[in-house]
1. Out of the residues in the range 324-358 meeting the condition of being without any contact (Cβ under 8 Å) to a residue 60 or more places away in the chain and touching a strand residue (DSSP E or B) at 6+ places or on another chain (Cβ under 6 Å), tell me which one is farthest from residue 231 (Cα to Cα).
2. On the given criteria, is residue 177 within 11 Å of the ligand (Cβ to nearest atom), in contact with a helix residue (DSSP H, G or I) (Cβ under 8 Å, 6 or more places away or on another chain) and farther than 17 Å from residue 49 by Cβ?
3. How many residues does the range 234-269 contain that are at pLDDT below 95 and either touching a helix residue (DSSP H, G or I) at 6+ places or on another chain (Cβ under 9 Å) or not assigned by TED's automatic domain parsing to the domain that holds residue 205 (or both)?
4. Please specify each residue of the range 33-48 satisfying the condition of being surrounded by fewer than 21 Cβ atoms within 10 Å (Cβ to Cβ) and under 23 Å from residue 116 (Cβ atoms).
5. From 29, 38, 6, 50, which residue is more than 11 Å from the ligand (Cβ to nearest atom), touching a residue at least 24 places away in the same chain (Cβ under 8 Å) and not assigned by TED's automatic domain parsing to the domain that holds residue 301?
6. Give the residues of the range 214-237 that are more than 15 Å from residue 200 (Cβ to Cβ) and crowded, with 17+ Cβ neighbours inside 10 Å, sorted by residue number.
7. Does residue 26 satisfy being farther than 30 Å from residue 370 by Cα, surrounded by 14 or more Cβ atoms within 10 Å (Cβ to Cβ), modelled with pLDDT of 95 or more and touching a helix residue (DSSP H, G or I) at 6+ places or on another chain (Cβ under 9 Å)?
8. Run down 318, 328, 299 and say which single residue is over 26 Å from residue 103 (Cβ atoms) and over 17 Å from the mean Cα position of the chain (by Cα).
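The values are calculated or read from the model by the stated rules, or taken from the named source; none is laboratory data. Please read all numbers here as calculations on a predicted model, not as lab measurements. Neighbour counts are summed over all protein chains in view; Cβ atoms, including those assigned to glycine, are modelled from backbone coordinates with ideal geometry.
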Ligand SMILES: Cc1cc2nc3c(=O)[nH]c(=O)nc-3n(C[C@H](O)[C@H](O)[C@H](O)COP(=O)(O)OP(=O)(O)OC[C@H]3O[C@@H](n4cnc5c(N)ncnc54)[C@H](O)[C@@H]3O)c2cc1C
């Protein structure tokens, strides 16, 4: 698709808004051959390539100014082998679609907390989500990848074939070729005990939640966001606009043990909403709305740390004086199975860090970004031992 095409403006967007990055063309690959043709064309015409899967890169790496966007979202095949507990899928398949297909067999591979990211994109990032403490990062369950190299050659990457490429793909970012197909290990995960728990966002509760999540059994993973409560229907109106700690929690262990797993979190006190229940695992990924809404413009910074205690007071202070269209501080406690894999076994650089934390401010106008970045950087500065970038 070229700039002269009526649909080009929409085709040249990603999840986040930002600067005007206008590619020369967008190529939609439907199969492996299309990817090979696109890579060779870009090479022969000296065009930079941006591979785009789900388009969720916060740095907007799914676009390139004047280059070729190679959109692989059409590579969305999926086959499950329940006997070997493996699944092979196109790299452009979304995590939500993969999860739904695997669930038909009572099986799952862990991705992130959002169903619309592509499995290829989250794999080259690392992949931390609702099953990470139980069965590792997404990359820890990757068995093989089919890759189109910058030469336009098709290669297999696994522990046995091109092991250096296999190492790099697992958390090294989208720099090593176009991943076209992935094979993952599956785990038996039919029902989980999970859902949303909403607590007041006080500094004590933020610190207490992090401590409880670290002490919890591996079967539990949680993604917690301190934010101003939007008008969610399950919260009484008087809580809308107040500072809450909204956690999506997933316990993939024995359902009978789940009440004990969750008790330390409920004991933090002041529970505002408790929607934790036995659910099929795919329900951890609720439908995502806002189709047609403008792409959010964000200042977003991620830090890999061992504690968030030092930032809790600042988070609460910032929520007392929110800026932008939305402001949030999110954290997830990792550890567990994430640490079973040796640090040097994959390109993922943060395995030794216990917590993935990020601060974000969304704005409606790019002119507001300096103020948003000041707020974000002001918060992450409290994370003294933070290593940036995910
Ligand atoms: C709302 C939201 C929630 C998120 N939640 C989580 C989470 O819970 N856990 C987590 O780990 N991450 C999370 N992320 C981060 C996300 O997983 C990564 O940014 C991921 O790389 C996005 O993949 P994508 O294909 O959707 O994005 P894209 O922007 O299309 O791609 C991201 C990067 O991967 C490269 N890439 C994509 N596909 C391929 C491919 N087939 N071959 C080679 N390179 C490729 C791109 O070139 C780009 O550099 C979240 C991001 C957002 C916006």
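1. Checking each candidate, the answer is 353.
2. Values: within 11 Å of the ligand (Cβ to nearest atom): yes; in contact with a helix residue (DSSP H, G or I) (Cβ under 8 Å, 6 or more places away or on another chain): yes; farther than 17 Å from residue 49 by Cβ: no.
In short, no.
3. 1
4. If the condition is that a residue be surrounded by fewer than 21 Cβ atoms within 10 Å (Cβ to Cβ) and under 23 Å from residue 116 (Cβ atoms), then 34 is the only one that fits.
5. 38
6. 216, 218, 219, 220, 221, 222, 223
7. yes
8. 318
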